[in-house]
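These notes concern the structure reproduced below.
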Amino acid sequence: MENKFANRKVIISGFIVLILLIYIGRLFYLQVPDNHYKRSAENNATRHIIQYPSRGLIFDRNGELLAYNKPVFDVVAIFREVQAFDTTEFCYIVGEDRTEFVKKFKELKRSSSWFRPKIIISLLSFERYSLLEEKLFKFRGFYTQPRTIRAYAKPVAAAVLGYVGEVNKKDIEKDSYYQSGDYIGISGIERSYEKEFRGKKGVKIFTVDVHNRIKGSYKNGEYDSIAIAGKNITTTLDAELQAYGELLLKNKKGSLVAIDPGTGEILALVSSPTYDPNLLVGRNRAKNYKMLKNDKNQPLYNRAISAIYPPGSTFKTVNALIGLQEKVITTRTVLPCNGGFRVGNFHQYCHHGSAVTFLHSIQGSCNAYYSQVFMRLMNNKNYDSVSIAFDSWRNYLLKFGIGRKLNTDLSYEQKGILYTKEHYNKLFKGRAWKPLRLVSMAIGQGELGITPLQMANVTAAIANKGYYYIPHIVKGIESKDSIDARFYVKNYVGIDSAYFPPVIEGMELVVKSGTATRAYLPNITICGKTGTAQNPHGEDHSIFIAFAPKENPKIAISVYVENAGYGGTWAAPIASLMIEKYLTDSTSRPYMEEKILNADFIHSKEKTVE
């Protein structure tokens, strides 16, 4: 019996010793290896203030400043520290509507952590910040923190530069860099180059007393980190040319894209109507954004890279090159017109005489000529069927950058419309293809859609006699050796260089004595092609493509003016003025400039064709 109790005594004693050892070990762990509670206590006695980096600056190709930063301040609250305060006085100081502020404050207080700082007022101006700082002692639990916001030096290039806005839940989930209240590029190069622009946030840690007043730097700044500013970016834009293009397209819907064929650099990219980019910064951003979004003329819509139009007769240059490459025509080919292209009951109107030469087909823009070229391409005996011939033709267009994204560095680029043979197989339900059903694409109509950027790129490929560089908007990034490698690669369009000179000669005649004489300049040889795209919703679209000079081209351009009628009447002189402005830094035709500037296709019922 005695041994029995002795054994129990040993077991109980051992159990007590084990518990003591566990407690001692845990206390040791908490005090030595694990400093979690220590940090937690320190956090209660410190305040972390985020140091927001300034966003990288934006310059044009000549070093002119386009976008910079200006200081503003956020008001943050730690709800557990907030005490009753005079909301009327507070709202008067910060310039907020009291009713809206009280509603917002209650919602944030209900849904946010009581221990973490929460932004309650964003983008306070320096003047209001100064007033608040003087009275901040009245508002316990409220603090200010500095940051910078975008500002734009000139009211130009809104479609290119884009705008910056507050992050949403999706942005935060996608990238841990962002927290609620941060800002991110939403469109334009602000979006495309967000990671380069944003820099790196820093933090300063301060010790605070029991009243949460800052007493000094925590551990002499040992755990602070500095904010690293974003990288500056030099764009390919010529700010002066861009501003001039926007002026010419004022009171017009449309777009204009100008490219340096030798580099693919975008010299000007205009979407009209446009807006002042400064409208979408600061505390009025939300109100202004709503106004712009509800505008029926869609100033936020970048027509230059997102709008899809039929290319009209400008597309005849592409079909001419494919016809020569496929050897269904030569430069000596003469085809009949006699008022248009007729097959049975089908009639495609034209206005030329009985015989049209290759050069005159471009100079005079003959519909009948290119309808016959297209029929020859589709019935080419080198292919076993029309669908295979169509596929070959379509592949040429893809090489030109039509019907696909060019992979430029601007956000929201569209690929246009270029259907596959599978689409037509389904449409024709397995029946044999008839080229006549597709012949409207011979003259840039029908089931074909192209963006102004793509059309300018096609023009650059013609100017280069067979290749292009991907159009891009950024010329250089601070601290980087170069832009992305894809912008240095020549993209060949699959047409032998020998076939380009006759097409270019025809384009020269278009301006000298053809459908675009309004674009003629005696001191600069401009090569161009007009287009008038049918529009079921109103007046036709006025289109013109061109490059200059003929030898060693420096600029390739496409111009679209919606609902303006003939390409030679409006788009051609606009392109010509832009070319002259870029190559000579001046313009010499005030009468033409005045006519363009006075034309209003948005607010008036002016007759648009002549």
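I need a count of the residues in the range 285-312 that are part of a helix (DSSP H, G or I) and either in contact with a Leu (Cβ under 7 Å, 6 or more places away or on another chain) or surrounded by 24 or more Cβ atoms within 10 Å (Cβ to Cβ) (or both). Before you say what the answer is, go through the steps one by one.
Going through the range 285-312, the residues part of a helix (DSSP H, G or I) turn out to be 285-294, 303-306, 312.
Filter once more, keeping what is either in contact with a Leu (Cβ under 7 Å, 6 or more places away or on another chain) or surrounded by 24 or more Cβ atoms within 10 Å (Cβ to Cβ) (or both): 288-289, 292-293, 303-305, 312.
Qualifying residue count for the region: 8.
Answer yes if at least one residue in the range 206-219 is over 30 Å from Thr234 (Cβ atoms), of a type in the set (Val, Ile, Thr) and within 32 Å of the chain's Cα centre (by Cα), and no otherwise. Don't jump to the end; show me each part of the working.
Taking the range 206-219 and keeping what is over 30 Å from Thr234 (Cβ atoms), we get 206-219.
The next check asks that each one be of a type in the set (Val, Ile, Thr); those that pass are 207-208, 210, 214.
Now drop any that are not within 32 Å of the chain's Cα centre (by Cα), which leaves none.
Within the range 206-219, not a single residue is over 30 Å from Thr234 (Cβ atoms), of a type in the set (Val, Ile, Thr) and within 32 Å of the chain's Cα centre (by Cα).
Scan the range 115-139 residue by residue and report those that are among the aliphatic types (A, V, I, L, M) and surrounded by 17 or more Cβ atoms within 10 Å (Cβ to Cβ).
Scanning the range 115-139 gives Ile119, Ile120, Ile121, Leu123, Leu124, Leu132.
Quickly run through the range 116-158 and pick out the residues that are of a type outside the set (Gly, Ala, Ser) and in a helix (DSSP H, G or I).
Phe126, Glu127, Arg128, Tyr129, Leu131, Leu132, Glu133, Glu134, Lys135, Leu136, Phe137, Lys138, listed by residue number.
Tell me whether the range 240-248 contains one or more residues that are in contact with an Asp or Glu (Cβ under 6 Å, 6 or more places away or on another chain) and not polar (S, T, N, Q). Full working, then the answer.
Quick first cut of the range 240-248, residues in contact with an Asp or Glu (Cβ under 6 Å, 6 or more places away or on another chain) only: none.
Scanning the range 240-248 turns up no residue that is in contact with an Asp or Glu (Cβ under 6 Å, 6 or more places away or on another chain) and not polar (S, T, N, Q).
Taking helices (runs of 4 or more DSSP H) that do not extend beyond the range 500-610, which have at least 2 residues that are out of contact with any Pro (no Cβ under 9 Å at 6 or more places or on another chain) and crowded, with 24+ Cβ neighbours inside 10 Å?
Once the helices (runs of 4 or more DSSP H) in the range 500-610 are filtered for at least 2 residues that are out of contact with any Pro (no Cβ under 9 Å at 6 or more places or on another chain) and crowded, with 24+ Cβ neighbours inside 10 Å, what remains is 500-513, 571-584.
For the range 437-485, enumerate the residues that are among the acidic types (Asp, Glu) and either at pLDDT 95 or above or over 19 Å from Tyr396 (Cα atoms) (or both).
Residues satisfying the conditions are Glu478, Asp481, Asp484.
Pick out, from the range 167-278, the strands (runs of 3 or more DSSP E) lying fully within it that include 3 or more residues that are buried (at least 17 other Cβ atoms within 10 Å of the Cβ) and out of contact with any Leu (no Cβ under 8 Å at 6 or more places or on another chain).
Of the strands (runs of 3 or more DSSP E) lying wholly inside the range 167-278, those with at least 3 residues that are buried (at least 17 other Cβ atoms within 10 Å of the Cβ) and out of contact with any Leu (no Cβ under 8 Å at 6 or more places or on another chain) span 183-185, 202-208.
Would you point out the residue of the range 140-166, among those that are in contact with a Pro (Cβ under 9 Å, 6 or more places away or on another chain) and among the aromatic types (Phe, Trp, Tyr), that is surrounded by the fewest Cβ atoms within 10 Å (Cβ to Cβ)?
Filtering first and then ranking leaves Tyr143.
Give me a count of the residues in the range 84-96 that are in contact with a helix residue (DSSP H, G or I) (Cβ under 9 Å, 6 or more places away or on another chain), over 15 Å from Leu124 (Cβ atoms) and part of a loop (DSSP other than H, G, I, E, B).
Summing the residues that are in contact with a helix residue (DSSP H, G or I) (Cβ under 9 Å, 6 or more places away or on another chain), over 15 Å from Leu124 (Cβ atoms) and part of a loop (DSSP other than H, G, I, E, B) in the range 84-96 gives 2.
Out of Phe374, Phe358, which single residue is surrounded by 23 or more Cβ atoms within 10 Å (Cβ to Cβ), touching a residue at least 60 places away in the same chain (Cβ under 8 Å) and under 17 Å from Pro311 (Cα atoms)?
Unique residue meeting the criteria: Phe374.
Restricting to the range 322-368, name every residue that is closer than 12 Å to Lys529 by Cβ and not in a loop (DSSP other than H, G, I, E, B).
Residues satisfying the conditions are Ser361, Ile362, Gln363.
Looking at Lys490 and the list (1) among the charged types (D, E, K, R); (2) surrounded by fewer than 18 Cβ atoms within 10 Å (Cβ to Cβ); (3) more than 21 Å from Thr408 (Cβ to Cβ), which single condition is not satisfied?
(3) is the only condition that Lys490 fails.
The values are calculated or read from the model by the stated rules, or taken from the named source; none is laboratory data. The model shown is predicted, which means the values in this text are computed figures rather than measured ones. Virtual Cβ from ideal backbone geometry, glycine too; neighbours counted across all protein chains shown.
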